[in-house]
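Just so you know, all these numbers are worked out from the coordinates, no wet-lab data involved. For clarity, every value in this text was computed on a predicted model and none was experimentally measured. Heads up, the Cβs are rebuilt from the backbone with ideal geometry, glycines too, and the neighbour counts pull from every protein chain shown.
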Amino acid sequence: MKLFLRTAMSALMAAVLLCCGCADTGAGMARQPEGGPGAEDGDGARKTNAGQGAGGPWQYADTAMGTVVQQTIYAADQETARDFSAQAMELLWGLEREKISWRLETSEVYQANASAGSEEGFLLSADLSALLESCTLLWERSEGAFDVTLGAVTRLWDIDKWAAESSQEGFEPPGEELLNQALDTCGSQKLRLVEEGSADVRSAESSASRESRLRLFMPEGMRLDLGAVGKGLAMERISALLAERPDVDGAVISLGGSILTYGGKPDGTPWRVGIVNPFDTAESIGILTLEGSWCVSTSGDYERYVEVDGVRYHHILDPKTGAPAVSDVRGVTILMKDGLLGDGLSTACFILGPEKGMALAARYGAEALFVMADGRIEMSDGMKDVFRK
Ligand code: AMP
Ligand code: MG
């Protein structure tokens with residue numbers, strides 16, 4: 001039995017390759033040299049690459065949410081860049097610890113999961129209320145392809161381990177009986193979101209935070225898994241942080257399959273974001289040329305997977321079967337302003353395929369690019385404007 005698991009670093013390489021002004025060749029940030037002029041003098045896991053002169057860029061790498069975080073910051077001085085990058089990391093760690101981890105008892109998702117089956121349900125914070133509202137709407141619009149209630153099934157597959165460990169001898173896909181038992185606990189149609197003092201709520205156009213809070217009722221055994229939107233939520237939070245930091249002129253933040261561009265570079269040249277070639281993840285299949293602030297989210301069968309006897313089990317599950325989605329798509333990239341929805345859409349579109357996926361993305365005003373199993377690329381018109389091979 002031959003097994004191959006991606007590590008967090010190689011998952012990053014396999015996500016979206018990022019090209020800054022200093023590297024217009026499609027080289028990923030993860031491969032840019034560390035140290036050199038302007039290099040930080042070392043503060044634990046956080047590292048800085050060379051500043052490229054006045055204004056930056058300064059580059060930092062660290063880990064959060066089970067993946068590598070790469071930050072490229074343009075600011076008047078290195079102290080500002082370092083300060084912002086540290087603040088961004090605190091934000092990401094806090095988000096995991098307090099909101100979205102299903103493992104940590106301190107997190108809201110953990111506590112919501114623990115309430116499954118209870119009569120009183122769980123009173124969500126305003127921001128998780130907004131998030132779950134958006135996720136439920138995406139579930140409806142994707143005809144159930146996107147479903148954050150798959151937690152019992154994702155745990156059975158042990159997807160988290162695929163990302164965290166470099167090998168997993170003895171991996172065996174879960175048996176049919178166990179899978180069906182876990183599937184019985186899933187399905188967004190079975191959860192209820194009730195505004196305190198009013199009827200059920202089931203719609204929100206955007207992931208913008210709401211003032212009021214919702215009470216969540218889940219049946220016994222149901223477990224939320226926000227893995228498909230967690231990085232997008234992080235991008236939204238970092239965008240908000242950047243908006244409070246006029247001393248940061250421009251930034252590109254990469255977190256697994258999600259990339260945020262913000263502001264601009266001192267020389268006025270656009271951002272160039274490479275899209276990974278699923279057939280050779282060390283290469284990019286093309287470049288997006290972007291002005292200003294955008295979120296680029298990619299989902300692919302090469303990001304997290306385990307191979308057993310030549311069969312690839314990847315991390316995007318079909319809610320109908322509980323198994324890795326059988327798809328003629330290898331990767332989907334979504335371009336839009338809203339990071340949370342972009343992240344959710346890339347997962348949904350992977351399962352739906354180009355025809356339905358393109359229509360779903362259009363409903364949200366998002367641009368989409370599909371890399372198909374036969375190597376073809378299918379794109380929305382707006383994506384064609386910014387994509388070059
Ligand atoms: P992404 O990499 O953004 O496409 O998200 C994939 C992650 O979302 C997986 O690692 C699971 O935790 C979770 N997930 C898998 N399949 C689905 C699905 N059909 N709907 C929602 N979340 C999913
Ligand atoms: Mg996603």
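Before moving on, here are some points about what is shown:
- Taking amide H atoms as placed 1.01 Å from N in the peptide plane, the amide H of residue 330 lies under 5 Å from those of 371, 372, 373, each 5 or more residues away in sequence or on another chain.
- Extension gain for residue 79 to residue 98 (0.36 nm times residue separation, less C-alpha to C-alpha distance): 4.0 nm.
- In this simple spin-label model, placing a label point 7 Å from the Cα along the Cα-to-Cβ direction at both residue 362 and residue 381 gives a separation of 0.9 nm.
- Compared with the alpha-carbon gap, the fully stretched path from residue 282 to residue 140 is longer by 47.5 nm at 0.36 nm per residue.
- Calculated FRET value between residue 63 and residue 178, using beta carbons and R₀ = 25 Å, to 0.05: 0.20
- Semi-axes of the equivalent ellipsoid for segment 100-179, computed as √(5λ) from the eigenvalues of its C-alpha gyration tensor and ordered from largest down, come to 26, 17, 14 Å.
- Debye log10 I(q)/I(0) for segment 324-389, one point scatterer per Cα, at q = 0.28 Å⁻¹: -1.29
- Peptide packing for 363-373, 110-120, 311-321, 325-335 was compared via the average number of neighbouring C-beta atoms within 10 Å per residue; ordered from the highest value, the list is 325-335, 363-373, 311-321, 110-120.
- Whole-Å distance, taken between Cα centres, linking segment 327-389 and segment 100-115: 31 Å
- Under the Karplus curve 6.51 cos²θ - 1.76 cosθ + 1.60, θ = phi - 60°, whole-Hz ³J(HN,Hα) for segment 124-139, x wherever Gly or Pro sits: 6, 5, 4, 6, 6, 4, 4, 4, 5, 4, 4, 5, 5, 5, 5, 4
- Distance (nanometres) between label positions extended 7 Å along Cα→Cβ at residue 243 and residue 308: 4.6 nm
- Using θ = phi - 60° and Karplus 6.51 cos²θ - 1.76 cosθ + 1.60, couplings along segment 362-372 (whole Hz; Gly, Pro as x): 4, 4, 9, x, 9, 9, 9, 9, 10, 9, 8
- Charge context of residue 186, other residues only, Cβ under 14 angstrom, K/R +1, D/E -1: -1
- By the Kirkwood approach, averaging reciprocal distances over each pair of separate Cα atoms, segment 54-163 gets a hydrodynamic radius of 16.6 Å.
- Using a Förster distance of 56 Å, the FRET efficiency for residue 192-residue 389 (Cβ separation, nearest 0.05): 0.75
- Summarising the amide proton neighbourhood of residue 277: residues at separation of 5 or more, or on other chains, whose placed amide H is nearer than 5 Å comprise 283, 284, 285.
- Comparing Cα centroids, segment 116-132 and segment 248-306 end up 33 angstrom apart.
- Magnitude of the charge dipole for segment 101-166, about its Cα centre and with charges confined to Cβ atoms of Lys, Arg (+1) and Asp, Glu (-1), is about 180 debye.
- P(r) tail, segment 255-351: Cα-Cα pairs separated by more than 16 Å, 60% of all pairs.
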